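What follows is one structure encoded as structure tokens, with my remarks underneath.
The values are calculated or read from the model by the stated rules, or taken from the named source; none is laboratory data. All values derive from a computational prediction rather than experimental measurement. Here the Cβ positions follow ideal geometry from the backbone for every residue, glycine too, while neighbour counts run over all protein chains shown. Note: accessible area is taken over every heavy atom of the protein model, side chains too, but ligands, DNA and RNA are not part of it. Shrake-Rupley method; radii C 1.70, N 1.55, O 1.52, S 1.80 Å.
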Amino acid sequence: MKAIEKVVKDGIAANKYKSGVRAVLQSAKSSKLVIVSQSMEAADRAKLDEQAKSAGVTVYEFKGTSVQLGKLCNKPFRVTAIAFKGTTDAELQAVMAGKGQ
């Protein structure tokens with residue numbers, strides 16, 4: 001879980017992210033990593049998965065609710081999905097390696 005926390009905090013600090021389902025869907029093609037909470041609606045998740053797959057973007061399912069993802073992002077509201085542009089390949093590998101946690 002540490003790798004995902006680092007990626008989220010670094011991305012937010014560098015202001016290289018988009019949050020919210022609509023914003024993430026619009027920026028999916030130019031993103032490197034998309035993180036979705038478990039409370040994302042199935043229809044939105046299907047659209048996002050389809051776009052991410054066609055663009056070759058990694059999708060990580062956050063093991064928690066949108067409230068917990070919002071807290072991780074240091075936001076006082078729910079965050080269902082968040083996309084990062086400035087993620088390095090090493091960070092992506094670390095996030096995906098820790099996926100089972």
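A few comments on the model shown:
- When 78, 45 are compared by accessible area of protein heavy atoms, the largest-first order is 78, 45, using a 1.4 Å probe.
- Estimated FRET transfer efficiency when R0 is 22 angstrom, pair residue 13-residue 90 (beta carbons, to 0.05): 0.80
- By DSSP, the beta bridges lying fully in the chain are antiparallel in about 65 percent of cases.
- Across region 24-101, the mean sequence separation of Cα contacts (distance under 8 Å, 6 or more residues apart), normalised by length, yields a relative contact order of 38 percent.
- Region 20-64 shape via C-alpha gyration tensor axes, a/c threshold 1.5: prolate
- Hull volume in cubic angstrom per residue (convex hull over the Cα atoms of the chain): 86
- Tensor-based shape of region 43-101 (alpha-carbon gyration tensor, a/c under 1.5 rounded, otherwise prolate or oblate): oblate
- Per residue solvent-accessible surface (Å²) - region 28-84, probe of 1.4 Å: 52
- To put it simply, the accessible area of the chain at a 1.4 Å probe is 50 percent carbon and sulfur.
- Length-normalised contact order of region 1-67 in % [C-alpha pairs under 8 Å, at least 6 apart]: 34
- Once the Cα-Cα distance is subtracted from the 0.36 nm per residue extended length, the residue 43 to residue 58 segment shows a gain of 3.5 nm.
- Too-long pairs where the Cα-Cα distance tops 22 Å, listed order kept, from 47/75; 2/32; 6/75: 47/75
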